[in-house]
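Read through the structure below, which is laid out as structure tokens, and then see the notes.
The values are calculated or read from the model by the stated rules, or taken from the named source; none is laboratory data. This structure is a prediction, so every number in the text was calculated from the model and none was measured. Virtual Cβ from ideal backbone geometry, glycine too; neighbours counted across all protein chains shown. With ligands, DNA and RNA removed, areas are computed over all heavy atoms of the protein, side chains included. Shrake-Rupley method; radii C 1.70, N 1.55, O 1.52, S 1.80 Å.
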Amino acid sequence: MNEKSKSTAGVDLITGDPKKAILKLSSHLVVAMLLTSTYNLIDAIWVSGLGGSALAAIGFVTPLYMVLVGLSNGLGAGATSAISRCIGAGDTKRVNNSAIHAIILTLIISLFITFLLEFFLKDLLLMLGAKTTLNLSLIYGRIVFVGTIFMLFTGSAYGILRGEGDTKRTMYAMMVSAIINMILDPILIYSLGMGIAGAAWATLASQFIVSAVIIYWFFHKKDTFTSLSWKYFKADFQVAKSILEVALPASVEFLVISMGTAILNIIFVAVAGTDAVAIYSAGWRVVMIGFVPLISIGAGTITVAGVAYGARKYKNLSIAHSYSIKIGMLVAIATSILTFILAPYISMIFTYSPQTSHLSPLITEFLRTMCLFYIFIPPGLMSNSIFQGMGKGTTSLILTIIRQLLFIVIFAYILAIIFNLGQKGAWWGIVAGDIVGSTIAYLWARIYINRLQRIGSA
């Protein structure tokens, strides 16, 4: 089996039955993402032991860190889309060239972002309001942002592996990262007395170790379908463009969602004060964990859609769209039922102190309102994934803007303020906006896929 014609179990999977591919790809990602979500929760618990100032310091760094998370995910989506389309088209040389382009783009962007963050971090933190905790925020931020290159590299590498259908290896890498972080956090923060700097070094160490493992897979073990070798590299603007057309809009989508959240917080403060923000913030953490299986299915769908589009098998594209929504709906319904039943117990986690106990009934009610929200996520999310898989990143971004900033925010404003329904009106505005936005995304995707099928038939 020479390197021009080699195949792997992952490639065989994604070029076969699209239903089987989506199911298997997403199952691996669910495990990894759930573990990562668990780590984020545990990390917050360890840091909270250092006191309110340390927790607030990380809170001020978080918006900047989330920009990197969005960029990392975006680069991964761009790499997945480009590589899966090349695999579908049977162009192995372009697969390898696309992967190398993705890594080069990641390195260039990493160096630029690291320079900006390290030299302008103090000014950025002051703009975000970190005055009383500036020194702690700088200690944490400067250590974490040194690892920008590792964070973006792993995101891009995960995208390459997903593009060739190797989500099992991606799962292992994400699990290793989360476990190392969970082990190092208490040791560095408390045992070695490093405090908030220990939390930052734990994050940096885990990213470095996982980057080293990925480099070993690609450059020493060499058992991946994609070959990261300079002999396959040929500078090509079109290859870079095919990656960035998905990567940049996908990164901006993350910012759009953050903007929507910030606007909703303003609405909550206006109608019910800071308690309403606390209720939304606590409840939304739970909702985001419930999103994990749906996001995993969406990530698998990008790969399958890319292969189908590259191979011009538009029927498989239609199957992937319908099946991913079907599986997503089943998962969403199960999540909704569990959330509805467990809502009173979940709310107790956030309201165990006398100062917050009065929020428990409202957090319970918020979680139960969001049960309907879960059910209508799959049509919109999977439609976005289909467009990203086809390389139509701008279309996916437009649909996200329509859903997050047009419908969700506007409906929340109308029900909460215009109709004077308060924070509960805003909750139902989120649900109503999601239903309308997801419906539009679904119809847009179906019309586009049907048109491709007609062209293909002709």
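Some points to look at:
- Residues of region 256-277 that are of a type in the set (Gly, Ala, Ser) and open to solvent by 40 Å² or more (accessible area, probe 1.4 Å): 258, 262, 270, 272.
- With respect to the conditions (1) hydrophobic (A, V, I, L, M, F, W, C); (2) closer than 30 Å to residue 314 by Cβ; (3) surrounded by fewer than 16 Cβ atoms within 10 Å (Cβ to Cβ), residue 45 lacks only one, and its number is (2).
- Some residue of region 84-105 being free of Cβ contacts under 8 Å to residues at least 12 places away in the same chain, open to solvent by 70 Å² or more (accessible area, probe 1.4 Å) and over 19 Å from the mean Cα position of the chain (by Cα): no
- Selection count where residues are open to solvent by 40 Å² or more (accessible area, probe 1.4 Å) and touching a residue at least 40 places away in the same chain (Cβ under 8 Å), scope region 110-124: 1
- One residue stands out among those in region 192-222 that are in contact (Cβ under 8 Å) with a residue 12 or more places away in the chain and over 21 Å from residue 46 (Cα atoms): the one that is surrounded by the most Cβ atoms within 10 Å (Cβ to Cβ), which is 210.
- Flag if residue 381 is touching a residue at least 24 places away in the same chain (Cβ under 8 Å) and open to solvent by 30 Å² or more (accessible area, probe 1.4 Å): yes
- Considering each residue of region 317-326 in turn, none proves to be outside any helix (DSSP H, G or I), within 24 Å of residue 86 (Cβ to Cβ), open to solvent by 20 Å² or more (accessible area, probe 1.4 Å) and at pLDDT 95 or above.
- Subset tally (residues that are over 18 Å from residue 288 (Cα atoms) and β-branched (Val, Ile, Thr)) for region 30-67: 3
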